[in-house]
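As structure tokens, the structure follows; a few thoughts come after it.
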Amino acid sequence: MHTFTFVLILLMLMVASFFFGRRRAVTVSKGDVRSLNSLPGYYGYYTALWCGIPALLIFTFWQFSESAVITNLVIAGLPEEVTLLSKQQLNLVINEIRNLVSDNIVASTISPEIAAAAERYREMQAISKMALFAVMMALGVGGATYALSRIHQQHKARNKVENTILIFLIACSTIAIFTTLGIVLSVLFEAILFFQAVPVTDFLFGLEWSPQTAIRPGQVGASGAFGAVPLFTGTMLVSAIAMVVAVPIGLMSAIYLAEYASPGMRALSKPMLEVLAGIPTVVYGFFAALTVAPFFRGWGESLGLAISSESALAAGVVMGIMIIPFVSSLSDDVIYAVPQSLRDGAYSLGATQSETIRKVVIPAALPGIVAGILLAVSRAIGETMIVVMAAGLAANLTANPLESVTTVTVQIVTLLVGDQEFDSPKTLAAFALGLVLFVVTLVLNVIALYVVRKYREQYE
Amino acid sequence: MANTVNMSQYNEQAERRKQERRKQGKMRLSTATVTRDNRETIGNVTVPDYRIRCTDINVFYGDKHAIRNITLDIGRHEIIAMIGPSGCGKSTFLRCLNRMNDTIENCRVTGKIMMDNQDINDKSIDVVPLRAKVGMVFQKPNPFPKSVYENIAFGPRIHGLAKDKVELDEIVVTSLKRAGLWEEVKDRLDQPGTSLSGGQQQRLCIARTIAVNPEVILMDEPCSALDPIATTKIEELMDQLCADYSIVIVTHSMQQAARVSHRTAYFHLGDLIEVGATEQIFTKPVHQLTEDYITGRFG
């Protein structure tokens, strides 16, 4: 019997206890349901929760700790010459046993001790499973019985059930917060490790990026340089090109959609524009690398310009196209939200439609538009796939969009793809880059939120 | 203490007025001579010195016939009040006079609206100069989210009324003075117009309208969002403004119509029921519907 079945059985038990609880409440009320503190259904939920929650908690705990406990027990039963082995070798033995247990491919020669240990491991797993089942059912039935015994007329089942729901909701929201916190802290600690090897100033202000480190002492040309300036200028350059493409096109299409388009046209073209946002970035990436970049290079050749085949221009333009729906959709919402009364006011003074838009609607919507653009910028800075494919790897410190540049995200990818040691500065540099990137986008988002909030205060 | 005394005095007065009105209402019962079913306009719709002459105006919102065959003159230097229950078409009629109905989808207006020997309902007419001539004040104050100064300067700028900054300043100051707002805002012309109180915002909107030098001002329930004190100020202002402008006001307050207007037009479900001098409408209405409305039997 699979452990998943236990949960199914428990769920059925919960459903049953719901009905028992509800019936018990009706019985207790002696037919007058209104004399109860809560509706009968709440007593049902109350009983079901008492039945399910303790058993599920023990189930979760069991799943996490089972393998560690069994392993320790098995090791304790091994002969002394094995238990006294070094930690690494002991790990190998344990792996051997586990492989044997789950019928994986194992080493050709198996000593009888290990085979015996594997046998014991299997036995214990079976015992553990039985025990888990017994404990879960006991807790489920016991919990339900306890809850049933507590039901009386004045029992506040509704309050208890709703408090439980509240606790559940709080738990869900804290999971998201703690995950974010965990990511930030892990990036931060690894970055601190990196900054112990490479000074912060070298990283932030160094002009050369060449993250090769020596694998063995005395290797040639492997000193490594971790100056992040070329990466950040590359990121800025590509993002700037993207915004030059996305902001005017996005804004103009937003104005058209919100102010000029007929409702039918708007209903048709807005979703179509938003389809752009649904295209996976990897598709944009090879579109940039295989279609746009060669086109730019050929166009440059015919003009006598040397455009490298992995240019900032190609990556930036394609990224800009990807961001258009961001800018247009957010701006369109903001422009649409400008009260009609302001437009009426301008029209009644004899303003034309374009005067109304330029002098009243856009200024009123401007903070919201700016916030939308800032969100788009942080999206552009964090974008990875397009630049990996189309912008290149050479860390050139240049402002020329026709040359190949590299960005922070591209370098993080290349640093962490393939085999790496987790204590070399080369790998840790990725965390430092990630940290700086995180701080930049966070600041941009905070500014955007601040601007949006200020905007909300304006006409209410 | 002083307040409570005032309040009780006020209540007494209000009570007395209510009784008087009840008495008048009873008297009026016998004065109405036209039955409810008659939908012909009663009273004289024309005036000799007219500013706008509307003939057979019909408005449709899609299939809905919102107002029917309305013929009415707007006199020079007069305040004409439009009264009637909600949905009777008075605001719709008002919005015909400066073509604001153009901004509403599938709204169709037929009929002739003559102003300065031009049919302003003709689609070939440019609405920009028309709206400069016929200004509008809305129910809810709608200052632009700009400074007080910029709110007033907006109109003159788009119509190129000022040669330079000095002239523009002058227009702003005179408009604010004429709207009776100057003393209250002269030290904070650079603050947002939305930071003013409701009554001040509405006077700011009136000043904004005056700044483009209109000849007719349309007011769509200008006081319905204001408290009694701000209402009094606006009413006083209208009284002064009618020396230079024609004013058309839509109102739900019959007291307001009686207080400020010279002529009153009563609308009912898209029909213009009765037009006449305000005093006559409120004391001797001819049509049964008019009487029902002003005696508070419905609406």
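When restricted to residues that are more than 8 Å from chain A (Cβ to nearest Cβ) and in contact with a strand residue (DSSP E or B) (Cβ under 7 Å, 6 or more places away or on another chain), region B:138-168 contains 2. Candidates are the residues of region A:411-445 that are polar (S, T, N, Q) and under 26 Å from A:Ala376 (Cα atoms); the one that is surrounded by the most Cβ atoms within 10 Å (Cβ to Cβ) is A:Gln411.
Tell me which strands (runs of 3 or more DSSP E) are completely within region B:75-171 and hold 2 or more residues being basic (Lys, Arg), or say none if there are none. Steps first, please.
Working: elements: B:79-83, B:107-115, B:134-137.
Strands (runs of 3 or more DSSP E) meeting the threshold: B:107-115.
Comparison of A:Thr414, A:Thr409, A:Thr356, A:Thr384 shows that the only residue that is hydroxyl-bearing (Ser, Thr, Tyr) and more than 22 Å from the chain's Cα centre (by Cα) is A:Thr356. Every listed requirement among (1) at the interface with another protein chain (Cβ under 7 Å from one of its Cβ atoms); (2) surrounded by fewer than 20 Cβ atoms within 10 Å (Cβ to Cβ) is met by A:Ala351 save one, (2). Consider region A:95-136 and keep the residues that are among the acidic types (Asp, Glu) and farther than 20 Å from A:His2 by Cα. The one that is nearest to the chain's Cα centre (by Cα) is A:Glu96.
Determine if region A:377-397 includes at least one residue that is touching a Pro at 6+ places or on another chain (Cβ under 6 Å), touching a residue at least 12 places away in the same chain (Cβ under 8 Å), away from every other protein chain (no Cβ under 11 Å) and buried (at least 22 other Cβ atoms within 10 Å of the Cβ). Before you say what the answer is, go through the steps one by one.
Taking region A:377-397 as the starting set, the residues that turn out to be touching a Pro at 6+ places or on another chain (Cβ under 6 Å) are A:395, A:397.
Subsequent filtering for residues that are touching a residue at least 12 places away in the same chain (Cβ under 8 Å) retains A:395, A:397.
Next, only the ones that are away from every other protein chain (no Cβ under 11 Å) stay: A:395, A:397.
Filter again for buried (at least 22 other Cβ atoms within 10 Å of the Cβ), leaving A:395.
Yes: one or more hits.
Output yes when any residue across region A:318-335 is within 14 Å of chain B (Cβ to nearest Cβ) and in contact with a Lys or Arg (Cβ under 7 Å, 6 or more places away or on another chain), and no when none is.
Our first condition is that a residue be within 14 Å of chain B (Cβ to nearest Cβ); within region A:318-335, this holds for A:334-335.
Those still in the list that are in contact with a Lys or Arg (Cβ under 7 Å, 6 or more places away or on another chain) too: none.
Within region A:318-335 (the criterion being within 14 Å of chain B (Cβ to nearest Cβ) and in contact with a Lys or Arg (Cβ under 7 Å, 6 or more places away or on another chain)), the answer is no, since none of the residues qualifies.
Checking region B:276-283 against the condition returns no match, with no residue being on the phi < 0 side of the Ramachandran plot and within 14 Å of another protein chain (Cβ to nearest Cβ).
Look through region B:186-201, keep the residues that are within 12 Å of chain A (Cβ to nearest Cβ) and either in contact with a strand residue (DSSP E or B) (Cβ under 6 Å, 6 or more places away or on another chain) or not small (Gly, Ala, Ser) (or both), and return whichever of them is nearest to B:Asp244 (Cα to Cα).
Step one: of region B:186-201, the residues within 12 Å of chain A (Cβ to nearest Cβ) are B:192-195, B:201.
Now narrow it down to the ones that are either in contact with a strand residue (DSSP E or B) (Cβ under 6 Å, 6 or more places away or on another chain) or not small (Gly, Ala, Ser) (or both): B:192, B:194, B:201.
Details: B:Pro192: 29, B:Thr194: 28, B:Gln201: 22 Å.
Residue satisfying both the conditions and the ranking: B:Gln201.
So in region B:188-241, with the set limited to residues that are of a type in the set (Gly, Ala, Ser) and under 17 Å from the mean Cα position of the chain (by Cα), which one is nearest to B:Leu161 (Cα to Cα)?
B:Ala207
With the condition being within 10 Å of B:Ile79 (Cα to Cα) and away from chain A (no Cβ under 14 Å), I'd like the strands (runs of 3 or more DSSP E) fully within region B:204-272 carrying at least 1 qualifying residues. Please lay out each step first, then the result.
Values: elements: B:216-220, B:246-250, B:263-268.
Because the criterion is at least 1 residues that are within 10 Å of B:Ile79 (Cα to Cα) and away from chain A (no Cβ under 14 Å), the strands (runs of 3 or more DSSP E) in region B:204-272 that meet it are B:246-250, B:263-268.
Examine region A:288-304 for a residue that is at negative phi, loosely packed, with under 14 Cβ neighbours inside 10 Å and of a type in the set (D, E, K, R), and state whether such a residue exists.
Taking region A:288-304 as the starting set, the residues that turn out to be at negative phi are A:288-303.
The next check asks that each one be loosely packed, with under 14 Cβ neighbours inside 10 Å; those that pass are A:290-291, A:294-295, A:298-299, A:301-303.
Filter once more, keeping what is of a type in the set (D, E, K, R): A:301.
Looking for residues that are at negative phi, loosely packed, with under 14 Cβ neighbours inside 10 Å and of a type in the set (D, E, K, R), one finds at least one in region A:288-304, hence yes.
When B:Leu269 is tested against (1) touching a Cys at 6+ places or on another chain (Cβ under 7 Å); (2) at pLDDT 90 or above, only condition (2) is not met.
Regarding region A:284-296, can at least one residue be identified that is over 13 Å from A:Ala390 (Cα atoms) and either assigned by TED's automatic domain parsing to the domain that holds A:Ala395 or among the acidic types (Asp, Glu) (or both)?
For region A:284-296, residues over 13 Å from A:Ala390 (Cα atoms) and either assigned by TED's automatic domain parsing to the domain that holds A:Ala395 or among the acidic types (Asp, Glu) (or both): absent.
When A:Phe326 is tested against (1) under 30 Å from the mean Cα position of the chain (by Cα); (2) over 18 Å from A:Pro248 (Cβ atoms), just one condition goes unmet, and that condition is (2).
Between A:Ser17, A:Ser86, A:Ser102, A:Ser38, which is hydroxyl-bearing (Ser, Thr, Tyr) and modelled with pLDDT of 90 or more? Full working, then the answer.
On the way: A:Ser86 fails: modelled with pLDDT of 90 or more; A:Ser102 fails: modelled with pLDDT of 90 or more; A:Ser38 fails: modelled with pLDDT of 90 or more.
Going through A:Ser17, A:Ser86, A:Ser102, A:Ser38 in turn, the sole match is A:Ser17.
The values are calculated or read from the model by the stated rules, or taken from the named source; none is laboratory data. These numbers were taken from a predicted model, which means no experiment stands behind them. Backbone-built Cβ (ideal geometry, glycine too); neighbour counts: all protein chains shown.
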